[in-house]
1. Only one residue in A217, A212, A196, A239 is surrounded by fewer than 20 Cβ atoms within 10 Å (Cβ to Cβ), at pLDDT 90 or above and closer than 24 Å to G287 by Cα. Which one?
2. V4 is checked against (1) of a type outside the set (D, E, K, R); (2) at pLDDT 95 or above; (3) farther than 16 Å from R326 by Cα; (4) out of contact with any Gly (no Cβ under 7 Å at 6 or more places or on another chain) and fails just one. What number does that condition carry?
3. Which one is least open to solvent (accessible area, probe 1.4 Å), of the residues in the range 9-34 that are modelled with pLDDT under 85 and under 14 Å from V51 (Cα atoms)?
4. Which of the following residues is open to solvent by less than 90 Å² (accessible area, probe 1.4 Å), aliphatic (A, V, I, L, M) and either at pLDDT below 65 or in a loop (DSSP other than H, G, I, E, B) (or both): A347, A372?
5. Tell me which residues, restricted to the range 65-95, are under 24 Å from W177 (Cβ atoms) and of a type in the set (G, A, S).
6. Failed condition for G98, given (1) under 25 Å from A175 (Cβ atoms); (2) open to solvent by 40 Å² or more (accessible area, probe 1.4 Å), with all others met?
7. Can you tell me which residue among H197, H230 is touching a residue at least 12 places away in the same chain (Cβ under 8 Å) and out of contact with any Asp or Glu (no Cβ under 6 Å at 6 or more places or on another chain)?
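The values are calculated or read from the model by the stated rules, or taken from the named source; none is laboratory data. Worth saying up front: this structure is predicted, and the values here are computed from it rather than measured. Every residue, glycine as well, gets a Cβ built from its backbone with ideal geometry; the counts of neighbours run over all protein chains shown. What goes into the accessible areas is simple: the full protein's heavy atoms, side chains included, and nothing from ligands, DNA or RNA. Shrake-Rupley method; radii C 1.70, N 1.55, O 1.52, S 1.80 Å.
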Amino acid sequence: MGSVFSPLDEELGLLPGALTPSLVESVVRLGTWLPFGPAAQMLAYFTCVEVGASTARRLTEQAGAAYEAVQTAAVEEIERTLPPAPAGPPVQFLSVDGAMAPLVGGEWAEVKTLALGVVQEPKVNRRGEPEVHTTDLSYFSRLADHETFGRLALVETQRRGTETAGVVCAVVDGAEWTQGFIALHRPDAVRILDWAHAVGYLDVAAQAAYGAGTVRAQTWLAQQRHILTHGDPQRVLTAVRELREEVSTPGVEEADETGPGSLITRSLEYLEKRVAQIQYATFAVQGYPRGSGSVESANKLVIEARLKGAGMRWARPHVNPLVALRTVACSDRWAEAWPQITAHWYAHRRTRRRDRAARYQQRHTTVTSPQARPEPAALPALAPATPTPRAPVQPRPVRRAGPRRPAATHPWRHMLIERPRCA
């Protein structure tokens, strides 16, 4: 673990706590990857410096809060100055999704994640089919509502040049908020419905018509999956319509929402609404990805691997600081982010010191200027004091040396001591 030293180290001393900057970085980096107890143990093993789990938690959360503040300030600066975005790649991958995290009190909350990457040229696999790979992945995660997440993610889309990329392939599931995110950051993106998500709706229709796990259901699904991947999706929609007519009774409307006809209808309506997003054969020719596996892997790597351990429950204010550090670590950008964290720490400490000095000076400085101070009243003259004569000092009696005997009036001489009687 490399240590990043700032020129301010000599001026301000240590970072928060009683550890050196190198040890603080080590604690935070371990706490980003491991539970805080094992992180403290690993630090003691490798550095022979013992800290408690509470110290590891405190430093990690402080560092995460600092980086969260840095990113939020960067978003505000972008919104205020509108700087030009850096050059993006020819083809960029964009995907957003959410993962549930356990909170204190038995509550669960959705942590949303953005994944950005560079789409490489397709390569032909062993079966002679083109395969599209995405590299240089980076992430941004927050526990926030849809609008807030879309706004805060600007710091990452600006950094990766989403605005200036040649083509942005936005591969998402069918959630409505994901479409709003795409419209906010790249309205002209190529919108692609996740292939596995579309096949899942076909699977629901097949099981509703022929039964779960039956040979007919599996055969029908395999045929339509092949057509969806390599052919015209309108043929698939036609097959779903025929499947609905096959299980429905003419002239009778199905009242049960969980019945076969209702399930097939919902699958058909879902795919018809997104027919432009399921042109997978066309996307393959253009070299575009068809799956959102990168962001689904990000949910496991960034969120679930650290926040969903056995017995873990998180207070809501502590989630975003930790996921902010997780996105840095999982994107392999620690060397870039740590100086920003320490700079924010130092700036915060300087601000606190100035505020304390100002409050101290305000408490101990008289507001009234010296010219406006009233002159003190003159004191009355006092008569000279008359010295009191001292009494002569009597000399102490000289004690003679030798053993002392009690006086005749001493109680010892009058003690009633019973004398022995004669026999």
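1. Matching residue, one of A217, A212, A196, A239: A196.
2. Evaluating V4 over (1) of a type outside the set (D, E, K, R); (2) at pLDDT 95 or above; (3) farther than 16 Å from R326 by Cα; (4) out of contact with any Gly (no Cβ under 7 Å at 6 or more places or on another chain) leaves (2) as the failure.
3. Here the residue is P16.
4. After ruling out the rest, the residue left standing is A372.
5. Of everything in the range 65-95, those that are under 24 Å from W177 (Cβ atoms) and of a type in the set (G, A, S) turn out to be A74, A85, G88, S95.
6. (2)
7. The match here is H230.
To keep it simple, each residue is scored yes or no on (1) at pLDDT below 95; (2) open to solvent by 10 Å² or more (accessible area, probe 1.4 Å); (3) farther than 21 Å from A153 by Cα; (4) in a strand (DSSP E or B).
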site: Y67; (1), (2), (3), (4): no, no, no, no
site: A74; (1), (2), (3), (4): no, yes, no, no
site: A85; (1), (2), (3), (4): yes, yes, no, no
site: P89; (1), (2), (3), (4): no, yes, no, no
site: F93; (1), (2), (3), (4): no, no, no, yes
site: G105; (1), (2), (3), (4): yes, yes, yes, no
